[in-house]
Amino acid sequence: MQTVKIVVTGPFNAGKTAFIQTVSEIDVVATERKITSEAEKVKDTTTVAMDFGRITVDEDLVLYLFGTPGQRRFDFMWEILSEGMLGFIVLVDSTRPETFREARSILETFRAYAPTPYVVAANKQDLPEAWDLDDMRIALRLPPEVPLLPCVATDKESVKNVLLELLYRILEEIEAQ
């Protein structure tokens, strides 16, 4: 059986935990803690180390999903979680343009850790204030060859589509070697 490690990263409150919870076949191992900073009180808890979920694609392939903390004060976990990854997803809250610069920075950080395939997922595309993908691509300064995919982290089909796109890119890279 082949296991594939995928990292789900992105800014604070982008939806990383929800993304993993939506598709994991096991109860997600989460390190959520109560938020103490008033500036971050948009939700009650935040990931401080990682989230872990698992998906059995078929009898020969299992995906291990590792979610990173989104806050910079926990960024020491990013490099640790990136070790051995075959690809990563940068999840961006498409309703919060003030987080786009942070998303771009996180993308560049993970590209520096390992030259692995990646995709960018524009989460919360079901909300009326969500940015259009073309506008997000410009704001994130993503070249045309980088997949920018619509996503709703609480919708299983949407999450599966993002994961499949990343798996196709990983497979292309393996076949090219």
Q: Report the full-extension gain for the segment E79 to V62: residue separation times 0.36 nm, less the Cα-Cα distance, to one decimal in nm.
A: 3.9 nm
(Q) If the only charges are +1 at each Lys and Arg Cβ and -1 at each Asp and Glu Cβ, what is the size of the charge dipole of the chain around the Cα centre, to the nearest 20 debye? (A) 580 debye
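If packing is taken as the mean number of other Cβ atoms within 10 Å per residue, what is the order of 127-136, 96-105, highest first? Provide the component values of the computation, followed by the final result.
Details: 127-136: 13.3, 96-105: 16.7.
Ranked from most to least packed, the peptides come out as 96-105, 127-136.
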Q: Nearest 5 is fine: what % of DSSP beta bridges in segment 2-176 come out antiparallel, could you say?
A: 40 percent
Q) Once the dipole of the chain is set up with Lys and Arg at +1 and Asp and Glu at -1 on Cβ about the Cα centre, which of L163, P147, F100 lies farthest towards its positive end? A) F100
Q: Putting +1 on Lys and Arg Cβ atoms and -1 on Asp and Glu Cβ atoms, find which of L91, Q125, W78 reaches farthest to the positive end of the dipole of segment 2-176.
A: W78
Q | GNM flexibility winner over the chain from V119, V146, V23 (Cα, springs under 10 Å) | A | V146
Q.
Tell me the label only: which of (i) 39, 32, 29; (ii) 81, 52, 39; (iii) 46, 35, 30 is Cα extents along the principal axes in Å as calculated from this structure?
A. (iii)
Q: Calculate one ³J(HN,Hα) per residue across segment 10-16 by plugging θ = phi - 60° into the Karplus curve 6.51 cos²θ - 1.76 cosθ + 1.60, and present them in order as whole Hz with x for glycine and proline.
A: x, x, 3, 6, 7, x, 4
Q) Which number gives the lysine pairs in the chain that have C-alpha atoms under 21 Å apart and are eight or more places apart or on different chains? A) 14
Q. How large is ³J(HN,Hα) for each residue in segment 106-114, as worked out from phi by the Karplus curve 6.51 cos²θ - 1.76 cosθ + 1.60 (θ = phi - 60°), to whole Hz, x for Gly and Pro?
A. 5, 4, 5, 4, 5, 5, 6, 5, 7
Q | Neighbour-count order for K124, K160, K5, K16, fewest beta carbons within 10 angstrom listed first | A | K160, K5, K124, K16
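Can you give the local net charge around A130? Use residues other than it whose beta-carbon is closer than 13 angstrom to its beta-carbon, Lys and Arg +1, Asp and Glu -1.
Values: positive: R96, K124; negative: D93, D126, E129, D132, D134, D135.
My count for the surroundings of A130 gives -4.
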Q: Extending each Cα 7 Å along its Cβ direction at I138 and Y168, get the distance between those two points in nm, one decimal.
A: 2.6 nm
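Read the figures in this text as sums done on the coordinates, not as results from a lab. This structure is a prediction, so every number in the text was calculated from the model and none was measured. Neighbour counts run over all protein chains shown; Cβ positions are idealised from the backbone, glycine included.
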